[in-house]
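Below is one structure, written out as structure tokens, with a few remarks after it.
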Amino acid sequence: MKALTIGGAMVDTIAIIENSGIERMSMLNAGTSFLLLEEGGKTEALEVSTHAGGGGINAAVAFARLGLDTSVLIKLGADGRAEQILAALDRDHISHRWALRDPGAPTGASVHVSSHDRNAAVFTFRGANTLLVPSDLTYEAFAVDLVYIANLSDQAAQCFPEIVEKAQKARALIAANPGIRQLHAHAGAFQGTLPALDILSLNRREADEVVSMLEKDETKDGAPLAFPEGMSPPALAIRGFRHEGRKVPLTAFMRALLGRGVGTVLVTDGQNGAFAASRGGLYHCPARAVTVLGTAGAGDAFASTFAAETAIGSTPDRALQAATLNAAAVLGHVDTTTGLMQRCEIDAALDGKIETPNVISWRL
């Protein structure tokens with residue numbers, strides 16, 4: 001099974017700060033929290049480390065450890081950060097034959113300021129990631145079984161339709177995991193590709209943004225879901241999705257995207273678990289309880305693992321369980337790839353039913 005990932009490549013610098021060194025301020029009405037550091041002060045860090053990351057890299061490492069023959073189509077600068085990313089790919093035997101070097105901008109980078117009990121504040125510099133152009137999309141790169149398109153930004157996001165077209169011509173399974181900026185700023189380039197997507201992976205915020213692409217007539221039917229006695233409905237089953245005052249029930253949202261031609265719709269909601277919908281039904285898997293050291297990369301792990309499982313023929317419930325296990329493993333580390341599991345580990349957990357979350361399903 002061959003896979004190609006397309007998307008961001010970054011060097012992440014992660015600073016872990018003692019809890020007492022960071023103050024938190026919350027805005028009650030907006031539901032937003034801020035991490036505060038002393039102005040002009042020197043804050044001691046428990047650790048500062050650098051790692052290869054970005055959506056395209058995170059997915060590639062996940063695929064490689066799940067046994068897929070993986071390559072990346074990424075844009076890097078002509079600098080030391082690029083060399084660090086290529087070295088990381090080599091360690092997981094990921095081909096970077098299609099990795100492009102562009103002197104027009106440095107390789108992307110990010111800085112994570114975090115502590116062990118608070119979500120990281122992330123500063124992102126996208127750099128060369130934004131420079132992907134249609135001429136970079138060589139047909140030979142798409143001679144694979146699975147094409148996974150991670151978040152694209154700025155100029156690169158305009159390539160999304162051509163990426164999908166080339167993947168279609170190669171008869172590859174197409175999985176997309178767009179980001180909130182891509183959905184908001186490049187909705188036109190994204191929306192027309194929906195009928196070609198075999199898997200569309202969104203988090204709750206991204207799904208809220210997608211509501212703006214759906215007509216009201218498409219989302220008028222939203223029957224409530226029945227849950228087993230004694231089970232509290234997950235947040236998304238109650239909240240649904242919202243955009244500028246418009247509210248769309250979960251079932252109506254899923255039906256609308258399936259009606260647009262998407263093969264499977266995956267929506268994650270952090271510790272509240274995830275839903276997947278296909279023409280076979282609607283599925284929910286709760287999150288696995290773990291000690292969280294970092295949340296970055298968990299969404300990439302979930303989406304890429306679900307795509308890999310689907311590509312090898314797993315049922316939606318098994319794909320959801322595998323994705324849940326791999327995302328939880330990433331949460332146990334500060335960086336985005338160290339925790340990603342090997343195929344043998346996931347299979348052993350699923351086949352042996354070792355702390356495997358139960359999936360419930362409904363007809364849709």
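The values are calculated or read from the model by the stated rules, or taken from the named source; none is laboratory data. Predicted model only: the values in this text are computed from it and were never measured. Heads up, the Cβs are rebuilt from the backbone with ideal geometry, glycines too, and the neighbour counts pull from every protein chain shown. SASA here: full protein model, heavy atoms, side chains in, ligands and nucleic acids out. Shrake-Rupley method; radii C 1.70, N 1.55, O 1.52, S 1.80 Å.
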Fill in the blank from the handout: Of the candidates 69, 79, the one satisfying the condition of being touching a residue at least 24 places away in the same chain (Cβ under 8 Å), of a type outside the set (Ser, Thr, Tyr), open to solvent by 10 Å² or more (accessible area, probe 1.4 Å) and in contact with a Ser or Thr (Cβ under 6 Å, 6 or more places away or on another chain) is 79
Handout entry: Looking only at segment 264-274, and only at residues there that are touching a residue at least 40 places away in the same chain (Cβ under 8 Å) and out of contact with any Cys (no Cβ under 8 Å at 6 or more places or on another chain), the one that is most open to solvent (accessible area, probe 1.4 Å)
Key = 270
Handout entry: Elements of type strands (runs of 3 or more DSSP E) contained in segment 73-167, each with 1 or more residues being over 30 Å from residue 36 (Cβ atoms) and under 22 Å from the mean Cα position of the chain (by Cα)
Key = 146-149
Practice task
State whether one or more residues within segment 133-142 are of a type in the set (Phe, Trp, Tyr) and surrounded by fewer than 17 Cβ atoms within 10 Å (Cβ to Cβ).
Solution key: yes
Exercise for the section: Return yes when residue 289 is of a type in the set (A, V, I, L, M) and over 25 Å from residue 51 (Cα atoms) and no when it is not. Expected result: yes
Exercise for the section: Give the residue that is surrounded by the fewest Cβ atoms within 10 Å (Cβ to Cβ), with candidates limited to residues of segment 309-328 that are among the β-branched types (Val, Ile, Thr) and within 14 Å of residue 175 (Cβ to Cβ). Expected result: 312
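Quick one: how many residues across segment 172-184 are assigned to a helix (DSSP H, G or I) and either more than 19 Å from the chain's Cα centre (by Cα) or more than 22 Å from residue 268 (Cβ to Cβ) (or both)? Working first, answer last.
Quick first cut of segment 172-184, residues assigned to a helix (DSSP H, G or I) only: 180-184.
Within this subset, residues satisfying the condition of being either more than 19 Å from the chain's Cα centre (by Cα) or more than 22 Å from residue 268 (Cβ to Cβ) (or both) are none.
Residues in segment 172-184 being assigned to a helix (DSSP H, G or I) and either more than 19 Å from the chain's Cα centre (by Cα) or more than 22 Å from residue 268 (Cβ to Cβ) (or both): 0 in total.
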Exercise for the section: Scan segment 177-188 and report the pairs whose first residue is farther than 18 Å from residue 147 by Cβ and whose second residue is modelled with pLDDT under 90, with Cβ atoms within less than 7 Å and a gap of 6+ or a chain change. Expected result: 181/153
Completion exercise
The condition of being touching a strand residue (DSSP E or B) at 6+ places or on another chain (Cβ under 6 Å), of a type in the set (Ser, Thr, Tyr) and in contact (Cβ under 8 Å) with a residue 24 or more places away in the chain holds, among 124, 138, only for 124
Exercise for the section: Scan segment 147-171 for residues that are open to solvent by less than 10 Å² (accessible area, probe 1.4 Å), within 18 Å of residue 265 (Cα to Cα) and in contact (Cβ under 8 Å) with a residue 60 or more places away in the chain and jot them down. Expected result: 147, 148, 149, 150
Fill in the blank from the handout: Scanning segment 271-296 for residues that are outside any loop (DSSP other than H, G, I, E, B) and not hydrophobic (A, V, I, L, M, F, W, C) gives 271, 272, 278, 281, 283, 284
Exercise for the section: Might you let me know whether segment 22-41 holds any residue that is modelled with pLDDT of 95 or more and more than 30 Å from residue 349 (Cα to Cα)? Expected result: no
Fill in the blank from the handout: Of all strands (runs of 3 or more DSSP E) fully inside segment 1-52, the set with 1 or more residues that are touching a helix residue (DSSP H, G or I) at 6+ places or on another chain (Cβ under 7 Å) and surrounded by 12 or more Cβ atoms within 10 Å (Cβ to Cβ) is 2-6, 10-17
Practice task
Could you please tell me which pairs satisfy a Cβ distance under 9 Å, a separation of 6+ or placement on different chains, a first residue in segment 344-364 that is open to solvent by 50 Å² or more (accessible area, probe 1.4 Å), and a second residue that is among the aromatic types (Phe, Trp, Tyr)?
Solution key: 361/283
